[in-house]
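Structure record follows, encoded as structure tokens.
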């Protein structure tokens, strides 16, 4: 009986974690926005997970500060200008650290994967769908932090990117920035593949600073 109960608890926990990750992914790719209401029934159907793990996942997101609650229920927490500024300041420093540690700790397999990502980026443009642009941008930065081999750096950056993904600009403006961002990604990747650590770190910092300036100007001004 005890073993069965432990198994049930473990299964529920795993499903909650799956739901938690999938809801965060929806935020990352722009499928949900600031102040949007969280409908458990709709999410359960969309993610093909029962409502209990969804409810537990929402509580976890609430602890992370991604979800708030009022008399009408749960909703995605809005991001203030001050919060965005603070998050970008931290992100700029961590992105630079991520590249430096990736250069030191990245495996041959991870560098090969980076090369494949850069080659794929060279065949893309700002004409891609907005959701594709967001996914590619996220994948590039996630791979760099993964290469660092630093668990805490990787997860801290993921949390920051998730919060900042709540910032949304119009598709037209976002695509104009993406053309520039695409070239910046390629430049960073090529510098890393050439073994130019300091140059790569300088390029990723400039990229993160430009992304911050763009977002703050287009959203909060």
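Of all residues in region 67-74, at least one satisfies being assigned by TED's automatic domain parsing to the domain that holds residue 23, surrounded by fewer than 18 Cβ atoms within 10 Å (Cβ to Cβ) and within 17 Å of residue 166 (Cβ to Cβ).
Can residue 156 be described as assigned by TED's automatic domain parsing to the domain that holds residue 100 and at pLDDT 85 or above? In short, yes.
The condition of being at pLDDT below 95 and part of a helix (DSSP H, G or I) holds for only one of 134, 167, that being 134. Just so you know, in region 98-126 the residues that are under 21 Å from the mean Cα position of the chain (by Cα) and assigned to a loop (DSSP other than H, G, I, E, B) include one that is nearest to residue 144 (Cα to Cα), and it is 106.
Listed here are the residues, each with its yes/no results for (1) under 16 Å from residue 138 (Cα atoms); (2) assigned to a helix (DSSP H, G or I); (3) at pLDDT 85 or above.
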residue	(1), (2), (3)
172	no, yes, no
175	yes, yes, no
190	no, yes, yes
199	no, yes, yes
207	yes, yes, yes
214	no, yes, yes
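Across region 75-91, the number of residues qualifying as buried (at least 18 other Cβ atoms within 10 Å of the Cβ) and out of contact with any strand residue (DSSP E or B) (no Cβ under 7 Å at 6 or more places or on another chain) comes to 5.
Among the residues making up region 189-214, those that are surrounded by fewer than 17 Cβ atoms within 10 Å (Cβ to Cβ), under 17 Å from residue 84 (Cα atoms) and without any contact (Cβ under 8 Å) to a residue 60 or more places away in the chain are 210, 213.
Among the residues here, residue 129 does not qualify as crowded, with 18+ Cβ neighbours inside 10 Å and within 21 Å of the chain's Cα centre (by Cα).
Screening residue 57 against (1) outside the structural domain of residue 205 (by TED's automatic domain parsing); (2) touching a residue at least 60 places away in the same chain (Cβ under 8 Å); (3) more than 17 Å from the chain's Cα centre (by Cα) leaves a single unmet condition, (2). Does region 44-56 include one or more residues that are touching a helix residue (DSSP H, G or I) at 6+ places or on another chain (Cβ under 7 Å), in a loop (DSSP other than H, G, I, E, B) and surrounded by 14 or more Cβ atoms within 10 Å (Cβ to Cβ)? Yes.
The values are calculated or read from the model by the stated rules, or taken from the named source; none is laboratory data. Bear in mind that the values here come from a model prediction, so they are computed numbers and not experimental data. Neighbour counts are summed over all protein chains in view; Cβ atoms, including those assigned to glycine, are modelled from backbone coordinates with ideal geometry.
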